[in-house]
Amino acid sequence: MARESLEDRKKRAVRIVRLLKKRYPDARCTLDFNSVHQLLVATILSAQCTDERVNKVTPALFEKYKTVEDFAAADIGELQKLIYTTGFYTNKARAIKNSARQILNEFKGRIPRQLEELIKLNGVGRKTGSVILGAGYGLAEGIVVDTHVGRISHRLGFTKNEDAIRVEKDLMRIIPRRDWIAYSHMLIDHGRMVCRARRPDCKNCFLNKLCPAAELT
């Protein structure tokens with residue numbers, strides 16, 4: 001694929017997003033939750049852990065701790081036991097408990113709706129904050145860049161960077177803001193089904209005519 005201008009890349013991105021929407025119309029956050037705070041907790045647990053594993057842990061967790069106040073008052077040892085299988089349980093338990101305290105003491109019990117406020121919470125970085133805003137509030141403040149999103153965006157020629165923050169900045173320049181939330185969910189589905197890390201199925205990929213990586217395969 002010839003060297004693209006920024007405008008040409010934007011046009012190609014729009015075409016790719018349109019095709020992704022047709023193939024993955026139901027793409028969504030795969031974490032199970034019934035409130036924004038439950039989403040926050042689940043997202044903290046998802047660090048270095050699969051969503052599938054998190055979804056096996058959270059039913060019992062949310063049954064025991066039903067409110068922000070419950071998490072703020074939780075016995076740290078009991079909390080660690082319930083989330084043990086998600087890995088890094090000591091740090092995660094501390095982040096869950098401390099963030100609940102912050103929500104009560106600093107935000108009057110409400111989960112912030114601004115990214116700059118969300119990242120003040122213990123255990124919440126830019127990626128986690130964008131997940132909460134997008135899946136919890138439907139607000140597009142950024143693009144969530146996980147391993148699938150980073151890998152596929154690189155293959156699509158949308159970025160040459162490896163660092164997630166720089167990848168996000170590149171994507172925000174070319175992906176229409178209205179599609180920021182859906183883009184991440186659709187690429188995660190695409191990464192699991194077609195554009196896998198080791199053996200991408202370029203031959204049968206519906207994006208192959210728009211993807212520089214397919215030309216090299």
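No value in this document is a laboratory result; all are computed from the given coordinates. Keep in mind it's a predicted model, so treat the numbers as computed, not measured. Neighbour counts are summed over all protein chains in view; Cβ atoms, including those assigned to glycine, are modelled from backbone coordinates with ideal geometry.
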Exposure proxy ranking, count of Cβ atoms within 10 Å, fewest first, for V145, V36: V36, V145
Calculated Rg and Dmax of segment 67-151 using C-alpha coordinates, Å: 13.8, 40
Helix axis angle, 6-23 relative to the chain longest principal axis, alpha carbon, degrees: 70 degrees
Length released on extending from K21 to I76, taking residue separation times 0.36 nm less the Cα-Cα span: 15.6 nm
Candidate values [x] 15.6; [y] 11.0; [z] 12.0, label of the one derived for mean projected area of the Cα convex hull in nm²: [z]
Relative contact order %, segment 36-137, counting alpha carbon pairs below 8 Å whose residues are six or more apart: 32 percent
Between 0 and 90°, nearest 10: helix 51-64 axis offset from the chain longest Cα axis: 20 degrees
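From Cα pairs below 8 angstrom and at least 6 apart in sequence, can you work out the relative contact order of the chain, rounded to a whole percent?
22 percent
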Sum of side-chain charges, S184 neighbourhood, beta-carbon under 11 Å (Lys, Arg +1; Asp, Glu -1): -2
Above-threshold pairs, the threshold being 31 Å between Cα atoms, out of K56/K160; K11/K203; K92/K209; K160/K209: K56/K160; K92/K209
Segment 34-111: trypsin sites (Lys or Arg not before Pro) in DSSP coil with no more than 16 other Cβ atoms inside 10 Å: K66, K108, R110
Exposed-loop-free span, longest in the chain, where GluC sites (Glu not before Pro) count as exposed if DSSP calls them loop and at most 16 other C-beta atoms lie within 10 Å: 5-161
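Only four residue types carry charge here, +1 at the Cβ of Lys and Arg and -1 at the Cβ of Asp and Glu. Report the dipole size of segment 120-213 about the Cα centre in Debye, rounded to the nearest 20.
So the magnitude is around 240 debye.
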